[in-house]
Every structure is written in structure tokens, then in C-alpha cells.
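Peer 1: First the structure, which I've put down as C-alpha cells, then a few questions once you've had a look.
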Amino acid sequence: MARAERAARTISRIALTGGIASGKSTVAALFGALGARLIDTDRIARDVVVPGSAALRQIGERIGTRFVDAEGALDRAALREHVFVNADARADLEAILHPLIREQVAEHSARLGGPYQLIAVPLLAETGTWGDYDRVLVVDCEPAQQRLRLMLRDGLDEAAAQRVIAAQASREARLAIADDVITNDGEVSHLAPQVERLHKAYLGAPGYAK
């Protein structure tokens, strides 16, 4: 559905995205503290692959049972490493998970209400689904800062961190789909004023223009 076709909808849905280690979770928490309705697609992705789920069974059948551990749970780290270097496996995983995630997002959205909803979609640019939302908010930072944060957070060396970043959409690709941008190059305290400004704008959405 094109954005123009959703112009009359009361609740505005804003996709929150950004590169790995850009600060999306921090930004989402700041919006939440202001009362924004939040939907986290990463959490939904974990929920749809709980032990015994149809999605987990399909992953075992299509990608490999070695990614399901002895307790029947998904070995997320091993699967992530596998699909990182295997495009066919990544496509299979997306085909299994994305329809389920979209369905759950729709259910959460209908239940939450509110003048606007912030939906965290880390791989928005990669999946080409930004047209499903009324606006796109990108959390942006300098690549060097992003790399350093990733190294500190995940214990990676510089080369490994760079490979992870390179596997995602480019900074330019994310900014190209952005309606709004939050810059996260400094202290966390620099985020709050940006979040507050956009929160006030989104309370009046749709119809807000940059």
C-alpha cells in the first residue's frame, strides 16, 4: 500500500531504523519514556521461533536441524553466522520469518492504538519495506563511531566489525529513504532534544512535514 493511499489513517506508523550499533534501542527507549507506542520487530522475530513453533520447524527443514539445539531452541548465533555468508539460506530465513513478523506487527499495531506508533525495523533498507510505513526515522552516526561501538559491544576486532557493517545496507542507502534523521555521534544527552522535537511533531502526524 502506497503512503498516499494511507493519508487518511488516524494512527501514523513511523519505522525506526539505522545501522547496527547506531543507537536505535536507546532512541526507542527515549521515545517510550515520552509515551510513544513501540513495536520491536527484533523481539517479534524471537517470539515466532520459540521451541515447538511452526517457524522453527521450517528453519530445521529448509536450512538445517543443526541450528536447533538439544533443548529445541534456535541457536541464533550459529544461524546468524550461517546466513551471513550464505545468501540462499538468508533468503530462506527471510521467506519463513518476514510474513510472520508482518502479521504480528499488524496485530500489535491494531492493539496499541495511539496517535502514532514507532516500529523498530533494523533491516528496513535491506528488505525494501519502507513503503509500508507513513514515515521513516533513521538513527545515523559516523561509520568510525559505529565500528567502535560494535567492537566494544560485541567484542569484535576491527576487521570483523567492518565485515558486519559492510553486510548491511550502506549509510547512504538508509539516509536516502529517511523522512527524519536523529544524529547519534555524541553523548546520549544529545539525543533527548532530538527525540522530544520529533515526538511533538509525530503527535500531530500525519501531515507533519520536515
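Peer 1: In the range 71-126, what count of residues is obtained for those that are closer than 27 Å to LEU30 by Cα and not in a helix (DSSP H, G or I)?
Peer 2: 11
Peer 1: Also: From ARG37, ARG90, which residue is surrounded by 14 or more Cβ atoms within 10 Å (Cβ to Cβ), without any contact (Cβ under 8 Å) to a residue 12 or more places away in the chain and touching a helix residue (DSSP H, G or I) at 6+ places or on another chain (Cβ under 7 Å)? Explain how you work it out, then say what you get.
Peer 2: On the way: ARG37 fails: without any contact (Cβ under 8 Å) to a residue 12 or more places away in the chain.
The match here is ARG90.
Peer 1: For the range 60-86, name all the residues that are farther than 15 Å from VAL50 by Cα and charged (D, E, K, R).
Peer 2: GLU61, ARG62, ARG66, ARG80, GLU81 - these are the residues of the range 60-86 that are farther than 15 Å from VAL50 by Cα and charged (D, E, K, R).
Peer 1: Can you confirm whether the range 134-156 contains a residue that is within 14 Å of the chain's Cα centre (by Cα), closer than 21 Å to SER22 by Cβ, in contact (Cβ under 8 Å) with a residue 12 or more places away in the chain and assigned to a loop (DSSP other than H, G, I, E, B)?
Peer 2: Checked against the condition, which is being within 14 Å of the chain's Cα centre (by Cα), closer than 21 Å to SER22 by Cβ, in contact (Cβ under 8 Å) with a residue 12 or more places away in the chain and assigned to a loop (DSSP other than H, G, I, E, B), the range 134-156 yields no hits at all.
Peer 1: Within the range 166-205, track down each residue that is crowded, with 17+ Cβ neighbours inside 10 Å, part of a helix (DSSP H, G or I), of a type outside the set (Lys, Arg) and in contact (Cβ under 8 Å) with a residue 40 or more places away in the chain.
Peer 2: Matches in the range 166-205: LEU191, VAL195, LEU198, HIS199, TYR202.
Peer 1: State which residue is modelled with the lowest pLDDT when the search covers only the range 85-100 and only residues that are of a type outside the set (Asp, Glu) and over 15 Å from THR127 (Cβ atoms). Spell out the reasoning first.
Peer 2: The initial filter retains those residues of the range 85-100 that are of a type outside the set (Asp, Glu), namely 85-87, 89-91, 93, 95-100.
From the residues that got through so far, the ones that are over 15 Å from THR127 (Cβ atoms) too are 85-86, 89.
Numbers: VAL85: 81, ASN86: 88, ALA89: 93.
Selected residue: VAL85.
Peer 1: Step by step: first the residues of the range 93-118, then only those that are without any contact (Cβ under 8 Å) to a residue 40 or more places away in the chain and touching a Lys or Arg at 6+ places or on another chain (Cβ under 9 Å), then the one that is surrounded by the fewest Cβ atoms within 10 Å (Cβ to Cβ). Which residue is that? Working first, answer last.
Peer 2: As a first pass, look at the range 93-118 and keep what is without any contact (Cβ under 8 Å) to a residue 40 or more places away in the chain: 93-95, 98-99, 102-103, 106-107, 110-111.
With the extra rule that they be touching a Lys or Arg at 6+ places or on another chain (Cβ under 9 Å), the set shrinks to 93, 95.
Numbers: LEU93: 23, ALA95: 11.
The selected residue is ALA95.
Peer 1: Scanning the range 50-61 for residues that are surrounded by fewer than 14 Cβ atoms within 10 Å (Cβ to Cβ) and not aliphatic (A, V, I, L, M), which turns out nearest to ILE96 (Cα to Cα)? Before the answer, list the steps.
Peer 2: So the first thing to find is which residues in the range 50-61 are surrounded by fewer than 14 Cβ atoms within 10 Å (Cβ to Cβ), and the list is 50-52, 54, 61.
Next, from what is left, pick out any that are not aliphatic (A, V, I, L, M): 51-52, 61.
Details: PRO51: 15, GLY52: 15, GLU61: 11 Å.
That would be GLU61.
Peer 1: State yes or no: is ARG163 closer than 23 Å to TYR133 by Cα and out of contact with any Cys (no Cβ under 9 Å at 6 or more places or on another chain)? Even if it seems obvious, please write down each step before you answer.
Peer 2: Working: closer than 23 Å to TYR133 by Cα: no; out of contact with any Cys (no Cβ under 9 Å at 6 or more places or on another chain): yes.
No; evaluated as a whole, the condition is false for this residue.
Peer 1: Among the numbered conditions (1) of a type in the set (S, T, N, Q); (2) more than 17 Å from the chain's Cα centre (by Cα); (3) closer than 30 Å to GLU61 by Cα, tell me where GLN168 comes up short.
Peer 2: It is condition (2) that GLN168 fails.
Peer 1: Just the residues that are hydrophobic (A, V, I, L, M, F, W, C) and farther than 17 Å from PRO122 by Cβ, please, taken from the range 177-188.
Peer 2: Of the range 177-188, the ones hydrophobic (A, V, I, L, M, F, W, C) are 177-178, 181-182, 188.
VAL188, the sole residue that qualifies.
Peer 1: Checking the condition aliphatic (A, V, I, L, M) and surrounded by fewer than 13 Cβ atoms within 10 Å (Cβ to Cβ), which residue from LEU152, LEU124 passes? Break it down into steps so the answer makes sense when it comes.
Peer 2: Working: LEU124 fails: surrounded by fewer than 13 Cβ atoms within 10 Å (Cβ to Cβ).
Result: LEU152 is the single residue among LEU152, LEU124 that is aliphatic (A, V, I, L, M) and surrounded by fewer than 13 Cβ atoms within 10 Å (Cβ to Cβ).
The values are calculated or read from the model by the stated rules, or taken from the named source; none is laboratory data. Values in this document were obtained by computation on a predicted structure and should not be read as measured data. Heads up, the Cβs are rebuilt from the backbone with ideal geometry, glycines too, and the neighbour counts pull from every protein chain shown.
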